[in-house]
Amino acid sequence: MDDRLNITMKPVIDILEERISLAMAQVTGLGPQPALVKPATDAKFGDYQANGVMAAAKKLKTNPRALAEKLVRQLELDDICMPPEIAGPGFINLRLKTDFLAGNLLEINADTAHLGISRTEKPKTIVVDFSCPNIAKQMHVGHLRSTIIGDSICKMLNFQGHNVIRQNHIGDWGTQFGMLIAYLKQTSPEIIEDPDSIHIADLEQFYKNAKARCDANEDFAALSRQEVVDLHEGSKETLNVWRHIVDESRKHYQPVYDVLEVNLHQDNERGESFYADRLAGIVDELKEKSIATESDGAICVFPKGFTNKEGEPLPFIIQKTDGAFLYATTDLAAIKFRITELNADKIIYVTDARQKLHFDMLFATAKLAGWVGENVELVHVTFGTVLGEDNRPLKTRSGENVKLKELLEEAVVRARAVVEGKNSELPDAEKEQIAKAVGIGAVKYADYSNNRTSDYVFSFDKMLAMEGNTAPYMQYAYARVKSIERKAAKKDVDVESELAGINDLNLTEPAELDLAKHLIRYGEIIESALADCRPNYLTQYLYELAQKFSGFYNACPVLAADKATRPTRLLLCDLTARTIRHGLSELLGIKVVRQM
RNA sequence: GCGCCCGUAGCUCAGUUGGAUAGAGCAACGGAUUUCUAAUCCGUAGGUCGCACGUUCGAGUCGUGCCGGGCGUGCCA
């Protein structure tokens with residue numbers, strides 16, 4: 001790969017930023033100054049705009065327009081842009097050259113796997129902690145966001161070339177296991193002889209039954225507590241039953257991951273049990289370092305800057321009065337493990353916003369302990385709550401958590417009805433496949449397209465709508481592009497041969513240029529989506545892409561175009577389809593369909 | 001009480017270290033169909049960006065105060 005190609009494979013916005021920043025350093029004498037290149041706020045200002053001159057002029061106490069003029073004389077952008085224009089108080093407006101655009105499209109076209117997007121120059125080891133079901137219970141709607149947002153972050157990081165370590169910090173070691181083991185021993189003693197015979201048909205019911213017996217019967221409660229002790233002390237028999245409960249539980253949640261197209265498997269699990277024998281050591285270490293102290297019988301860390309109701313230091317409790325450890329302790333063990341043994345450069349935790357205080361204190365404590373090197377980054381990616389139509393957290397009518405499995409099943413049933421009503425000609429098996437892709441995709445897409453930090457109201461009707469920024473709209477847009485390919489054969493157009501060895505484009509129509517300019521921004525959008533862990537930037541981009549494609553589709557006939565323009569238009573179709581497919585399927589885990 | 005998040009069009013929401021006349025979708029209204037899937041597109045209308053000060057050449061974005069909502073706040077996770 002020659003240098004030239006390498007450079008142009010960076011997002012245009014980054015190339016412009018670099019070059020203009022460099023020129024600004026020369027012109028201002030202040031060293032590198034951010035050029036603040038952004039997409040133009042209005043098409044009439046061009047394609048990109050650099051806003052940095054005004055800030056630099058302020059520093060220099062000089063006239064921004066004069067500085068802009070000086071800068072523009074220094075700029076060498078003529079391989080990319082038309083001559084820059086100065087506007088308003090000192091904006092520099094940039095308009096891409098059609099040749100540059102065409103060259104960029106051809107590069108994207110040539111790079112089948114990566115769509116012309118460069119990998120990071122500095123790959124990092126990044127641990128992403130997400131999903132984290134309590135495996136004694138079924139996954140419910142509360143696990144949806146962490147699971148899919150976390151997965152998408154991993155997918156984007158992988159795509160950029162980072163070393164991603166997915167960690168499913170499952171709840172597999174709580175006191176509830178004593179109860180479950182005791183219940184199993186009482187109701188199915190044969191399990192003890194032959195643990196492989198264990199079969200929990202309904203995880204939720206199993207948990208409820210055990211809980212009910214525990215609440216009703218003091219002897220059983222005592223037995224449960226004893227099982228916890230046995231478990232923690234490593235009793236062989238108890239551990240064996242525990243392991244089988246864990247394995248059996250996995251059979252309930254793994255299919256949910258599979259249906260969601262989420263890349264989580266057993267080898268991503270490092271649950272609470274993994275850290276169990278490290279907890280005492282963590283507490284000892286913090287006590288030795290005088291970071292943790294005893295307070296009201298509990299062992300606590302008091303990181304600076306956290307206060308309680310009375311304005312007194314707020315404790316981060318790592319060991320209870322009764323000697324038991326808490327999730328704070330487990331999280332500390334995990335953070336240490338990830339930094340020192342997994343060699344994480346960055347750890348991303350994807351949990352709901354209510355845990356913010358916990359993570360702030362966790363990070364502060366880990367830093368006090370000296371585990372967090374200078375170049376290690378700790379990030380808490382929060383998200384809002386999924387609400388019901390009543391604006392309260394989504395529950396069933398009887399007030400229980402909505403099971404994720406059931407929610408997804410209903411989505412597919414509803415999607416099936418939509419497919420059925422609209423395209424009853426299709427074979428049954430295909431309808432079912434489409435319904436799955438649309439139903440599951442709708443739930444995921446609705447979540448991704450919302451601002452991560454906001455709560456949102458869950459509505460099947462809205463997420464399954466064909467209009468607006470929804471999965472069905474996106475999937476339909478894809479199907480429509482694909483149908484052009486299908487129709488091509490009937491019209492004696494050989495798409496493959498027209499695209500083979502294409503090396504010259506004929507971009508003239510406004511709709512073509514508009515679509516082309518959007519297509520080359522894909523890499524830029526992935527960067528910004530990742531910088532803030534905001535998948536909605538990506539969905540927004542894809543939606544705009546679909547809209548621009550529709551504009552092009554209406555304005556520019558493809559198959560009926562003349563010989564001079566048809567290959568260009570076929571390429572635009574192909575790149576649109578590949579970008580939508582990549583964004584939905586590779587980065588968001590949403591299936592595309594060839595027909596709807 | 002204190003801390004964190006939020007308040008943008010009738011509704012649901014975008015708005016990326018402060019940038020030009022604040023954007024979409026839904027709903028409403030008006031247009032486009034001898035088609036490559038109209039499940040589409042184009043257009044119109046709709047806003048004191050909760051309120052008030054302040055910083056700035058420039059504020060939805062930053063600061064302070066207030067109003068309204070959500071969440072959290074010592075042995076659950």
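General observations
- Alpha-carbon centroid distance for the pair the range A:151-225 / the range A:226-260, whole angstrom: 5
- Lys, Arg +1 and Asp, Glu -1 on Cβ, resulting dipole of chain A about Cα centre, debye, nearest 20: 1780
- The range A:118-194 - Rg over Rh from alpha carbon coordinates, Kirkwood radius: 1.22
- Modelled label positions at A:D111 and A:E409, each set 7 Å beyond Cα in the direction of Cβ, lie 4.4 nm from each other.
- Rounded to the nearest 20 debye, the dipole size of the range A:472-541 about its Cα centre is 420 debye, using +1 on the Cβ of Lys and Arg and -1 on the Cβ of Asp and Glu.
- For the range A:383-438, applying the loop criterion from DSSP together with a ceiling of 10 other beta carbons within 10 Å to the trypsin sites (Lys or Arg not before Pro) yields A:R397.
- Chain A: calculated mean residue ellipticity at 222 nm from DSSP helix runs of at least 4, using -39500 (n - 2.57): -16500 deg cm²/dmol
- Distance cut-off 20 Å, percentage of C-alpha pairs in the range A:176-264 lying past it: 37
- For A:K346, the lysines whose Cα falls under 28 Å of its own Cα, not counting residues fewer than eight places away in the same chain, are A:K10, A:K38, A:K122, A:K124, A:K155, A:K287, A:K289, A:K304, A:K336, A:K356, A:K367, A:K444.
- Heavy-atom accessible area per residue - chain A, 1.4 Å, Å²: 46
- Relative contact order (%) - criterion: Cα under 8 Å, at least six apart; region: chain A: 13
- Carbon and sulfur %, accessible surface of chain A computed with the full protein complex present, 1.4 Å: 49
- Restricting attention to chain A, close to 50% of DSSP beta bridges with both partner residues there are antiparallel.
- In the range A:17-80, trypsin sites (Lys or Arg not before Pro) in a DSSP loop with at most 11 other beta-carbon atoms within 10 Å: A:K61
- The range A:176-264, relative contact order [Cα under 8 Å, separation at least 6], %: 38
- Per residue Cα convex hull volume in Å³ - calculated over chain A: 206
- Rounded to two decimals, the Cα-based Rg/Rh of the range A:96-244, with Kirkwood Rh, is 1.27.
- Farthest positive-ward along chain A dipole, Cα basis, beta-carbon charges - from A:Q319, A:G46, A:Q138: A:G46
- At R0 = 45 Å, FRET efficiency that the Cβ-Cβ distance of A:K487 and A:N163 yields, to 0.05: 0.55
- Percent RCO, i.e. relative contact order, over the range A:62-218, from Cα pairs under 8 Å lying at least 6 residues apart: 17
- A run of chain A free of exposed loop cleavage sites, with GluC sites (Glu not before Pro) counted only in DSSP states other than H, G, I, E and B and at most 13 other beta carbons within 10 Å, reaches its longest extent at A:122-309.
- Förster radius 51 Å - calculated FRET efficiency between A:A500 and A:S295 (Cβ-Cβ, nearest 0.05): 0.10
- Sorting A:D42, A:D129, A:D196 on solvent-accessible area from highest to lowest, probe radius 1.4 Å, gives A:D196, A:D42, A:D129.
- Gyration tensor verdict on the range A:3-96 (Cα atoms; rounded if a/c is under 1.5, prolate if a/b is larger than b/c, oblate otherwise): oblate
- Difference of contour (0.36 nm per residue) and Cα-Cα distance, A:K320 to A:D194: 41.7 nm
The values are calculated or read from the model by the stated rules, or taken from the named source; none is laboratory data. Just so we're clear, the structure is a prediction, and the values are computed from it rather than from any experiment. Positions of Cβ are generated from backbone atoms using ideal geometry, with glycine treated the same way; all protein chains shown enter the neighbour counts. Protein only, heavy atoms only, side chains kept; ligands, DNA and RNA dropped before computing areas. Shrake-Rupley method; radii C 1.70, N 1.55, O 1.52, S 1.80 Å.
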